[in-house]
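Here is the structure we will look at.
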Amino acid sequence: MLVAAGQAFRELFTPPFRAVLLKCVGFTIALFALLIVAIVWGFGFLVQWPDQIVTAVQLLGGFALVIASIFLIPPVTSLVAGLYLDDIAEQVEKTNFPADAPGRALPTAQAIATALRFFFVVLVVNLVALLLLLVPGVNLIAFYAGNGYLLGREYFELAATRHIPPAVVRRLRKSNRLTVFLSGLIIAGLASVPILNLLTPLFATSLMVRVYKRLAARAGTAPRPRIEKGAGRNRRPGSGLARRC
């Protein structure tokens, strides 16, 4: 699992993934910039207090925004990246599992619904964890346990639904709940690191494609390998990069 996580992280900076990465990071930063401008403008427009109080509140507000960003960047990034997750999954499959049958991309409406679902699920968990900051010890447990479970479940189902029906996806996930949860903890760990948490959705998708492929092969639910025209009889499915990963 750690090897797969390392491969997924390094892969994000390779040319095929760089364009999607830059789009997601750029849109996320732009959204946060607009949010900051709106807060500053709204505060200055609505509140008429002495300059000293305004300055103090702005400084405290800036500090609070930095702390809140640790919890709010993951859901915002998930919303933006949700529209590109199929592109990342397809590229991971094409690069690392070329002998396997390709997955099915989600229809546009379903992709938007998935992005919104990711946003609200991750937002709720992170807001709860933010509220628990005042409870020593519990906040970290809530953040990692909640995000580990939800991020693991959501991204695993995204990767698996490209290949098998939802009912089979749920059975596969439940029968491997510990593996999916531990993979989700790795994702939650990245989500808790400022700046790097911008990469969370793309890293999570790349990792969970690998996790799904391994679990599906072990459970015997993997789709049949792609048969290419002119392939020799001695060609074995899963050779090359797919077998090494």
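The values are calculated or read from the model by the stated rules, or taken from the named source; none is laboratory data. This structure is a prediction, so every number in the text was calculated from the model and none was measured. With ideal geometry, Cβ positions are generated from the backbone for all residues, glycine too; neighbour counts draw on all protein chains shown. Each accessible area value is taken on the protein alone, full model and side chains, heavy atoms only, with ligands, DNA and RNA left out. Shrake-Rupley method; radii C 1.70, N 1.55, O 1.52, S 1.80 Å.
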- Task: Please tell me if A64 is surrounded by fewer than 17 Cβ atoms within 10 Å (Cβ to Cβ) and at pLDDT below 75.
- Result: yes
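A quick yes/no check of all residues on (1) at pLDDT below 85; (2) surrounded by 22 or more Cβ atoms within 10 Å (Cβ to Cβ); (3) touching a Phe, Trp or Tyr at 6+ places or on another chain (Cβ under 9 Å):
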{"site": "N176", "(1), (2), (3)": "no, no, yes"}
{"site": "V180", "(1), (2), (3)": "no, yes, yes"}
{"site": "G184", "(1), (2), (3)": "no, yes, yes"}
{"site": "T205", "(1), (2), (3)": "no, yes, yes"}
{"site": "K213", "(1), (2), (3)": "no, yes, yes"}
{"site": "A217", "(1), (2), (3)": "no, no, no"}
- Counting only residues in segment 145-160 that are farther than 14 Å from Y212 by Cβ and of a type in the set (G, A, S), the one least open to solvent (accessible area, probe 1.4 Å) is identified as G148
- Within the group L151, L198, L185, L178, which residue is part of a helix (DSSP H, G or I) and more than 18 Å from A8 (Cα to Cα)? L178
- Within segment 112-124, considering residues that are at pLDDT 75 or above and not aliphatic (A, V, I, L, M), the one least open to solvent (accessible area, probe 1.4 Å): F119
- Task: Restrict the check to segment 161-173 and report whether at least one residue is small (G, A, S), part of a helix (DSSP H, G or I), under 20 Å from M1 (Cα atoms) and open to solvent by 10 Å² or more (accessible area, probe 1.4 Å).
- Result: no
- Item | segment 186-203, subset closer than 14 Å to E154 by Cβ and free of Cβ contacts under 8 Å to residues at least 60 places away in the same chain, residue surrounded by the most Cβ atoms within 10 Å (Cβ to Cβ) | I187
- Do we have A142 as buried (at least 17 other Cβ atoms within 10 Å of the Cβ), in a helix (DSSP H, G or I) and under 11 Å from the mean Cα position of the chain (by Cα) here? no
- Task: Please state which one of A101, A89, A109 is touching a Lys or Arg at 6+ places or on another chain (Cβ under 7 Å), under 21 Å from T161 (Cβ atoms), surrounded by fewer than 17 Cβ atoms within 10 Å (Cβ to Cβ) and at pLDDT 65 or above.
- Result: A101
- What about V124, is it without any contact (Cβ under 8 Å) to a residue 12 or more places away in the chain and outside any helix (DSSP H, G or I)? no
